[in-house]
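The values are calculated or read from the model by the stated rules, or taken from the named source; none is laboratory data. No experiment lies behind these values; they were computed from the predicted model shown. FYI the Cβ positions are ideal-geometry reconstructions off the backbone, even for glycines, and counts take in every protein chain you see. These accessible areas exclude ligands, DNA and RNA; they are computed on the full protein's heavy atoms, side chains included. Shrake-Rupley method; radii C 1.70, N 1.55, O 1.52, S 1.80 Å.
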Amino acid sequence: MDADTSRLGRAGRSFAVAAAIAIVFNTVIACVKDADKPVKAFMASLSGHDWTTQGIADVVLFVAVGLILWKTSIGEKLSANSFIYLLASAAIVSGAGLFVWYALY
Amino acid sequence: MNITASDVILLAHAGFGVLGILAAVWVFVEALNAREENASRIRNASIVVALLMIGAWILGGDWYLHYYPADKALILKGPWPFAHNLFMETKEHLFFLTLILALYLPIAAFEKLHANSHARKMVLWVAMLIVLSGFAIEGFGGVINHGAKLSLARDAGKGAE
């Protein structure tokens with residue numbers, strides 16, 4: 001059996017940060033496009049619908065940031081728990097944030 | 001029996017989502033008992049989660065863009081407009097959170113989970129978040145469906161008077 005390690009691999013670290021960024025971006029852009037109609041119209045003009053543009057932008061951001069961070073030594077000294085807390089808190093806060101935004105807006 | 005393309009796409013979308021949630025539960029349980037022997041099964045299951053959620057995205061996106069506007073109009077003039085204003089608006093954006101987590105899951109699962117307790121913990125968290133957000137999305141779908149049903153029922157009631 002391999003020895004236990006306290007760190008995630010490079011891909012695990014890079015894409016965890018990328019996922020957290022993409023998830024927060026998704027909530028922010030959802031709020032911005034609803035509050036600012038020109039932004040929504042611009043997003044719609046790119047793919048035919050603002051929702052389509054948002055989904056593609058989320059995935060492209062996740063992949064692009066993940067690949068960029070993969071080439072760096074980001075978080076090499078951070079514990080795996082830091083990445084878990086980052087991703088879990090981004091998901092919980094962003095998910096709840098979406099519901100609160102649409103409840104109030 | 002009259003089954004339209006809209007019906008097939010909508011139900012397939014929900015079906016892919018439910019299967020994606022089940023697959024995430026599968027990953028969660030396998031990761032709880034991570035050993036060298038089930039490492040490839042965890043990786044394969046995590047890929048299945050990602051593929052099913054991509055399928056749910058494509059099918060749901062097609063239905064949302066082409067068929068939902070009629071339901072939206074129906075819901076907004078019915079007794080439960082919040083089924084769209086709150087639940088559909090949240091659902092259509094919350095789904096991307098689940099999708100991103102589903103895309104990340106195979107990356108996290110490719111670590112040696114049996115030898116790295118922290119990587120296992122990450123997989124457990126991501127799988128759990130997929131399950132919880134997936135259930136929320138499925139529940140929201142039920143509210144949206146009920147919003148449309150209430151509107152139709154009210155119209156039918158008026159017609160019968």
**Q.** Label point distance in nm, A:Cys31-A:Lys71, each placed 7 Å from Cα along Cα→Cβ
**A.** 3.2 nm
Q: Provide the net charge surrounding A:Lys33, with neighbours chosen by a C-beta distance below 14 Å and charges set as Lys +1, Arg +1, Asp -1, Glu -1.
A: -4
Q: Could you tell me which of rounded, prolate or oblate describes region A:13-105, using a ≥ b ≥ c as the square roots of the eigenvalues of the alpha-carbon gyration tensor, with rounded for a/c under 1.5 and, failing that, prolate when a/b is larger than b/c and oblate otherwise?
A: oblate
**Q.** Shielding score for A:15-23, defined as the mean number of other chain Cβ atoms within 10 Å
**A.** 5
Q: Multiply the residue separation of B:Val29 and B:Phe135 by 0.36 nm, subtract the distance between their alpha-carbon atoms, and state the gained length in nm to one decimal.
A: 36.4 nm
Q: Quick one: order B:Glu92, A:Glu76, B:Glu138, B:Glu36 from most to least accessible surface, probe 1.4 Å.
A: B:Glu36, A:Glu76, B:Glu138, B:Glu92
Q. Treating the beta-carbon of each Lys and Arg as +1 and of each Asp and Glu as -1, no other charges, what is the dipole magnitude of region B:1-87 about its Cα centre, to the nearest 20 debye?
A. 140 debye
Q | Simple spin-label estimate for B:Ala156 and A:Tyr105 in nanometres, 7 Å along Cα-Cβ | A | 3.4 nm
Q) Given A:Leu67, A:Val93, A:Gly48, which one lies farthest toward the positive end of the charge dipole of chain A, if we put +1 on the Cβ of every Lys and Arg and -1 on the Cβ of every Asp and Glu? A) A:Leu67
(Q) Just to make sure I understand: if all protein chains stay in place, what is the order of B:Ile107, B:Ile47 by accessible area at 1.4 Å, largest first? (A) B:Ile47, B:Ile107
Q: Please give the peptides B:50-61, A:17-28 ranked by average Cβ packing (other Cβ atoms within 10 Å per residue), highest first, as a rough proxy for protection.
A: A:17-28, B:50-61
Q: Sum -39500 (n - 2.57) across every DSSP H segment of at least 4 residues in chain A, then divide by the residue count to get the 222 nm mean residue ellipticity, nearest 500.
A: -27500 deg cm²/dmol
Q) Of all the accessible heavy-atom surface of chain A, with the other protein chains kept in place and a 1.4 Å probe, what percent is carbon and sulfur? A) 72 percent
(Q) If N is the number of residues in region B:85-161, what value comes out of its Cα radius of gyration divided by 2.2 N^0.38 Å? (A) 1.69
**Q.** Extreme residue, positive dipole direction of region B:29-123, given options B:Leu105, B:Leu51, B:His66 (C-beta unit charges)
**A.** B:Leu105
